[in-house]
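Accompanying notes for the structure given below.
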Amino acid sequence: MIEFAATYAGLYFRGLLLGLGLTVAAMAGAFLIGLFVALARLSQRRWLRAAGGAYVALFRGIPPLVLLYLVYFGLPAWAAQVGNPFLIALLGPLDNRLLAATLAFSVNAGAYTTEIIRASIQALPADQMEAAKSIGMTHGLAMRRIVLPQSLRIAFPPLCNEFIVILKGTSLASVIGVTELMRSAQMVAAATFLNLQAYILAAVFYVVAVIVLQTLSSIIELKLLAGTRTGD
Amino acid sequence: MVADDVRYPEVLRIEALGKSFKGTPVLSNVNLTVHRGETVAIIGPSGSGKTTLLRSVNFLTPYDSGKILLNGRLMGYVERGGRLQPDTDANISRLRRSTGMVFQRFALFQHRTVLQNLIEGPVHVLGLSRELACERARTALKTVGLSDKIDQYPARLSGGQQQRVGIARALCMEPDILLFDEPTSALDPELVGEVLSVMRQLRGQNRTMLIVTHEIGFAADVADRVVFMEAGAIVDDRPAREFFGKPKNARIEAFLARHRNERSSSI
């Protein structure tokens, strides 16, 4: 097993790095989606609230694998079939595996991130918004300067958790041929017939990566909370 | 519009104010005027609408009927063709700058130091330079006696200190009227005095103040006028000396007696 690991560690590591890159890109997209949809869900305007709610209901409901197939196989083919040049320009690039995977995971994780950010905004005592307004801030300015900076600190641990969920989810991208960690393991298994070893090594890589990420997030979490807690 | 029996202009005028929460009336036909330099205390049993009235002034709680005029300008609504329509967030925010509010539970920005709490409004709302804002903040901190806490985070301060920072934050906006929402109710008894003494000092500077309080002794001592509320309406509104010297009715007398016994120690 050790010899096996030593032989293929480099290949697996490259796969892991690709998966991490995909995760960072998807998380960035999910965060932007989550921020705006969460603000929509908390808006004064009913239609914005409804649109935000619909987004969450829809994309939390579609399994990521189905979404991945839709985006990668479905959309570019459909655009080509319709033959509309605008649609082809818009959706054609999705026949790129990485781009399709990034979009699918962003949209999927965006639904969860929305709920994380919405809950974090609502977890902040209402008097923070009121105090900001009492010194003459508009709703938008109060959100930007007072509410969101505090809410996103509350959101940080669950967002890290979501990052880990996305990372493990990138293994699904193997089915559309993205050579991330799972895909690397499949190729090694196919070439050596050592299925057990190949997938155990993949599992070990995932576990170690997640432990490292957890540790990092705990350290950052402590830094973010510096000064704002009583005691110590 | 200007009352004829006083020298100072009206900062706040409340006319026939009404407010319901889900069909339950909480304020009905409230009329109140506060002139520049006046200190007005609002007292009364819990649930009588004191806090709702105070929060209507800066429109943190929107009112349903009547008018609130700050320096003669209508708060929260615009008159169009004889009808009142909700004003924009930008306009409401601008008019709010003429008020400063001190909250029962302090409501300091927890992610900011004391100094950052104080310069937030001056810099990002009023557009003052950082230097000027810091100067204001230092002056305000001196007033509330917390110059040494300038770089602390709120969570490291006692309740009394946090409330004094809350007062300083309001002062830094240089508002025309200060609104106090039961500023000592969330404090340990031994911390009440330091906050009241700061407010007494502001009284000495002839600030305009509207104070919702349960500290009857403090109201008797500091307020020019005392407003007594019951069931969403103003029952009495007289100079403090008259108000306490000769209570208007037996219910007010009983209320005062009860509160004098409960808390006579704090001042």
Report task. Rounded to whole Hz and in sequence order, give me ³J(HN,Hα) for the range B:27-36 from the Karplus expression 6.51 cos²θ - 1.76 cosθ + 1.60, θ = phi - 60°, writing x for Gly and Pro. Result -> 9, 9, 6, 8, 10, 7, 10, 10, 9, 4
Query raised in the report: Each residue of the range A:4-14 in order: what ³J(HN,Hα) in whole Hz does its phi give by Karplus 6.51 cos²θ - 1.76 cosθ + 1.60, θ = phi - 60°, with x for Gly and Pro?
Result: 4, 4, 4, 5, 9, 4, x, 4, 4, 5, 4
Report summary line: With all protein chains present and a 1.4 Å probe, the order of A:LYS168, B:LYS149 from largest accessible area down is A:LYS168, B:LYS149
Report summary line: Among trypsin sites (Lys or Arg not before Pro) in the range B:1-87, those in a DSSP loop whose Cβ has at most 16 other Cβ atoms within 10 Å are B:ARG7, B:LYS22
**Report entry** Two-decimal Rg to Rh for the range B:178-267 - Kirkwood Rh, Cα set
**Finding:** 0.94
Query raised in the report: Where the only charges are on Cβ atoms (+1 Lys, Arg; -1 Asp, Glu), what is the dipole of the range B:168-267 about its Cα centre, to the nearest 20 debye?
Result: 340 debye
Query raised in the report: Counting only residues 5 or more places away or on other chains, whose amide H sits under 5 Å from the amide H of B:VAL11 once H atoms are built in the peptide plane?
Result: B:VAL34, B:HIS35, B:ARG36
Query raised in the report: Okay, helix-only estimate at 222 nm for chain B: each DSSP H run of n ≥ 4 adds -39500 (n - 2.57), divide by all residues, round to 500 deg cm²/dmol; what do you get?
Result: -11000 deg cm²/dmol
Query raised in the report: Mind listing the phi-derived Karplus ³J(HN,Hα) values for the range B:175-182, rounded to whole Hz, using 6.51, -1.76 and 1.60 with θ = phi - 60°, and x for any glycine or proline?
Result: x, 7, 9, 9, 10, 10, 9, 6
Query raised in the report: Can you give me the Cα centroid spacing of the range A:42-56 and the range B:147-192 in angstrom?
Result: 37 Å
Query - Total accessible surface hidden between A and B, rounded to 100 Å², 1.4 Å probe - result: 2200 Å²
Query - From the C-alpha gyration tensor of the range B:1-143, square roots of 5λ in Å - result: 29, 18, 18
Query raised in the report: Can you give the accessible area of B:ASP188, probe radius 1.4 Å, in Å² rounded to 10?
Result: 90 Å²
Query raised in the report: Can you list the residues, at least 5 places off or on another chain, whose amide H is less than 5 Å from the amide H of B:ARG97, using H built in the peptide plane?
Result: none
Requested in this report: Return the whole-Å distance between the Cα centroid of the range B:90-143 and the Cα centroid of the range A:181-223.
Outcome: 50 Å
**Report entry** Theoretical ellipticity at 222 nm over chain A - DSSP helices of four or more residues, -39500 (n - 2.57) apiece, nearest 500
**Finding:** -26000 deg cm²/dmol
Query raised in the report: Ignoring any ligand, DNA or RNA, what whole percent of the accessible area of the protein assembly as shown comes from carbon and sulfur when the probe is 1.4 angstrom?
Result: 58 percent
Query raised in the report: Where in the range B:107-130 does accessible area fall by at least 20 Å² between the isolated chain and the complete protein assembly, at a 1.4 Å probe radius?
Result: B:ALA107, B:PHE109, B:GLN110, B:HIS111, B:ARG112, B:GLU120, B:HIS124, B:VAL125
Query raised in the report: Here are some pairs, A:LYS133/B:LYS149; B:LYS50/B:LYS149; A:LYS133/B:LYS248; B:LYS50/B:LYS248; A:LYS133/B:LYS19; B:LYS22/B:LYS246; which of them have Cα atoms lying more than 28 Å apart in this structure?
Result: B:LYS50/B:LYS149; A:LYS133/B:LYS248; B:LYS22/B:LYS246
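The values are calculated or read from the model by the stated rules, or taken from the named source; none is laboratory data. The structure presented is a predicted model; accordingly, all values stated were derived computationally and were not measured. Please note: Cβ atoms are built from the backbone with ideal geometry, for glycine as well, and neighbour counts cover all protein chains shown. With ligands, DNA and RNA removed, areas are computed over all heavy atoms of the protein, side chains included. Shrake-Rupley method; radii C 1.70, N 1.55, O 1.52, S 1.80 Å.
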